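Okay, so here's the structure we're looking at.
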Amino acid sequence: MRIAMIGTGYVGLVSGTCFSEFGVPVTCVDKDADKIARLQRGEVPLFEPGLDQLVAVNQAAGRLAFTTDLRAALDGADAVFIAVGTPSRRGDGHADLTYVFAAADEIAEALAERPGSRTVVVTKSTVPVGTGRQLAGIMAKRLPAGAFDVASNPEFLREGSAIQDFMRPDRVVIGTESEHARTVLRALYRPLYLLETPVVFTTIETAELIKYAANAFLATKITFINQVADLCEAVGADVQDVARGIGLDGRIGRKFLHAGPGFGGSCFPKDCAALVRTAEEAGRRMTMVEDVLDINDSRKRGMADRIVAACGGTVAGKTLAVLGLTFKPNTDDMRDSPSLSILPPLIEGGATIRAFDPEGMAEAKKLMPDLDYCGDAYQALEGADALVLVTEWNEFRALDLARVKDLLRSPIIIDLRNVYQPDEMAASGFIYHSIGRSIAQPQAGSGRNLRAVA
Ligand SMILES: NC(=O)c1ccc[n+]([C@@H]2O[C@H](COP(=O)([O-])OP(=O)(O)OC[C@H]3O[C@@H](n4cnc5c(N)ncnc54)[C@H](O)[C@@H]3O)[C@@H](O)[C@H]2O)c1
């Protein structure tokens with residue numbers, strides 16, 4: 001058994017590396033020659049915890065190779081996975097399948113040069129219902145029946161814990177009508193069978209829809225708790241306790257009930273939008289998902305107003321220290337990060353932003369060149385009028401509060417991730433704004449530079 005993986009992004013590189021860790025020889029292909037050259041030298045071009053070690057081990061063992069040459073990668077491959085990007089199409093928000101179809105064309109062309117071989121073509125990219133069938137059509141134009149099989153194997157890994165998610169997934173979904181494809185994919189995932197991972201065998205269309213339904217559901221859960229957080233603020237309740245109180249109900253579950261600035265990232269916004277389009281094309285409406293997208297967009301924009309209000313109604317001439325830029329911790333991915341909606345309006349409002357993110361700054365600099373990028377959290381805080389915590393990296397969870405207070409010109413913290421406890425912050429002398437909880441005011445005698453606020 002050997003496989004080819006097309007695309008060495010977050011999904012392709014992690015999946016390819018993990019399959020090689022399962023003992024399967026894997027050749028990863030990318031069009032980006034620079035990325036491949038770096039990988040060949042043993043450099044991992046993206047940040048994902050643990051990935052560089054896993055790549056190094058499997059590369060050294062000769063089970064993991066990188067190339068720009070798709071034909072060579074397909075030589076003797078039992079299966080080829082398509083793990084290229086499917087971003088939102090400009091204009092209508094549907095999934096842009098340009099990369100998927102380009103990869104499919106290249107695969108069909110290369111396989112046509114190898115008569116007698118049989119290869120399973122698997123979509124790992126998130127693709128709308130119907131794409132697998134279209135892919136089969138592309139293959140059938142160049143290849144005789146029996147030379148290829150098509151399957152959908154959507155990926156559910158999360159950036160930041162991608163290796164663990166791939167190695168110990170909640171489930172594997174395999175959509176195909178081909179017994180041969182089932183056999184090949186079952187063999188590839190054999191190590192997970194030993195862990196009793198549930199495998200859902202289904203049709204291609206169902207597998208494609210499972211991925212979108214999963215992401216839309218999770219986005220809905222986040223949006224629900226965010227609206228509950230707004231209500232908590234209005235009625236004096238605490239969203240953390242509400243989330244715990246409902247989440248302990250096994251029917252609801254505790255995960256994805258963290259109120260915050262709104263969801264972002266490379267998947268939820270684009271996948272929700274694509275699901276809405278898929279439904280429209282099928283003559284149906286996913287009005288709930290449409291609402292989720294609207295609510296989330298206005299929420300992200302509203303975060304800037306919240307920060308302005310916390311700064312006394314204007315940020316003109318003020319300096320804000322911003323900690324965290326990526327859409328979540330443990331990744332360098334800036335795609336659709338809430339910071340991209342929150343920070344530009346603050347700059348337009350006259351603020352200077354001193355920002356720090358442990359891994360996201362190289363990418364953030366390309367997208368928000370107007371920020372002042374700092375070497376660490378404390379440098380960002382120097383002389384700032386307020387601290388805004390946007391992404392909950394672990395290193396921001398245990399800041400030296402006395403030092404924070406000394407560095408800030410006024411002790412205002414706006415914590416969009418509820419990392420700290422309001423009473424602890426009040427006791428430390430901060431005016432502490434968070435999400436879905438009351439504003440904490442400094443306790444008498446706790447703050448020595450409160451005059452600056454007044
Ligand atoms: N990132 C995630 O957390 C995640 C999780 C689950 C599913 N997905 C889905 O997986 C897919 C890939 O996402 P990603 O985040 O890894 O994307 P990415 O943008 O990080 O990587 C895509 C890679 O594919 C390469 N590529 C494009 N066309 C190619 C071609 N014809 N031949 C060879 N290489 C080509 C690009 O150069 C790039 O390196 C998307 O459909 C996404 O929705 C992503």
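The values are calculated or read from the model by the stated rules, or taken from the named source; none is laboratory data. This is a predicted model, so every value here is computed, not measured. Note: ideal-geometry Cβ built from the backbone for every residue, glycine included; neighbour counts use all protein chains shown. When the accessible area is computed, the model is the full protein with side chains, heavy atoms only, and any ligands, DNA or RNA have been set aside. Shrake-Rupley method; radii C 1.70, N 1.55, O 1.52, S 1.80 Å.
Structural remarks
- Checking residue 51 against (1) closer than 23 Å to residue 326 by Cβ; (2) buried (at least 23 other Cβ atoms within 10 Å of the Cβ), the condition it does not meet: (2)
- Scanning the range 168-176 for residues that are β-branched (Val, Ile, Thr) and touching a Gly at 6+ places or on another chain (Cβ under 6 Å) turns up nothing.
- Residue 410 being part of a loop (DSSP other than H, G, I, E, B), more than 32 Å from the chain's Cα centre (by Cα) and not β-branched (Val, Ile, Thr): yes
- Pairs with Cβ under 9 Å, 6+ apart, first in the range 205-225 and among the charged types (D, E, K, R), second open to solvent by 30 Å² or more (accessible area, probe 1.4 Å) and not in a helix (DSSP H, G or I): 205/129; 208/129; 211/156; 221/252; 221/255; 221/256
- Residue in the range 267-280 that is open to solvent by 10 Å² or more (accessible area, probe 1.4 Å), away from the ligand (no atom under 15 Å from the Cβ), over 25 Å from residue 124 (Cα atoms) and not in a loop (DSSP other than H, G, I, E, B) present: no
Results for (1) aromatic (Phe, Trp, Tyr); (2) open to solvent by less than 30 Å² (accessible area, probe 1.4 Å); (3) within 29 Å of residue 93 (Cα to Cα), shown as yes or no for each residue.
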residue	(1), (2), (3)
114	no, no, no
117	no, no, no
121	no, yes, yes
126	no, yes, yes
129	no, no, yes
139	no, yes, yes
146	no, no, no
151	no, yes, yes
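- Selection count where residues are of a type in the set (Ser, Thr, Tyr) and either within 16 Å of the ligand (Cβ to nearest atom) or part of a strand (DSSP E or B) (or both), scope the range 150-208: 3
- The residue of the range 125-149 that is nearest to the ligand (Cβ to nearest atom), among those that are farther than 20 Å from residue 78 by Cα and part of a loop (DSSP other than H, G, I, E, B), is 126.
- Test result for residue 443, polar (S, T, N, Q) and over 30 Å from residue 242 (Cα atoms): no
- For beta carbons closer than 7 Å, sequence separation of 6+ or different chains, a first residue in the range 296-307 that is on the phi < 0 side of the Ramachandran plot and a second that is hydroxyl-bearing (Ser, Thr, Tyr) and open to solvent by less than 30 Å² (accessible area, probe 1.4 Å), the qualifying pairs are 296/223.
- In the range 391-407, residue surrounded by the fewest Cβ atoms within 10 Å (Cβ to Cβ) [restricted to those that are more than 21 Å from the chain's Cα centre (by Cα) and not in a loop (DSSP other than H, G, I, E, B)]: 402
- If you go through the range 229-264 and keep only what is touching a residue at least 40 places away in the same chain (Cβ under 8 Å), buried (at least 18 other Cβ atoms within 10 Å of the Cβ) and assigned to a helix (DSSP H, G or I), you end up with 229, 232, 233, 239, 240, 242.
- Scope the range 364-378; condition more than 25 Å from residue 160 (Cα to Cα) and surrounded by 14 or more Cβ atoms within 10 Å (Cβ to Cβ); matching residues: 372
- Residue satisfying all of: in the range 76-107; modelled with pLDDT under 95 and open to solvent by 60 Å² or more (accessible area, probe 1.4 Å); farthest from the ligand (Cβ to nearest atom) among these: 91
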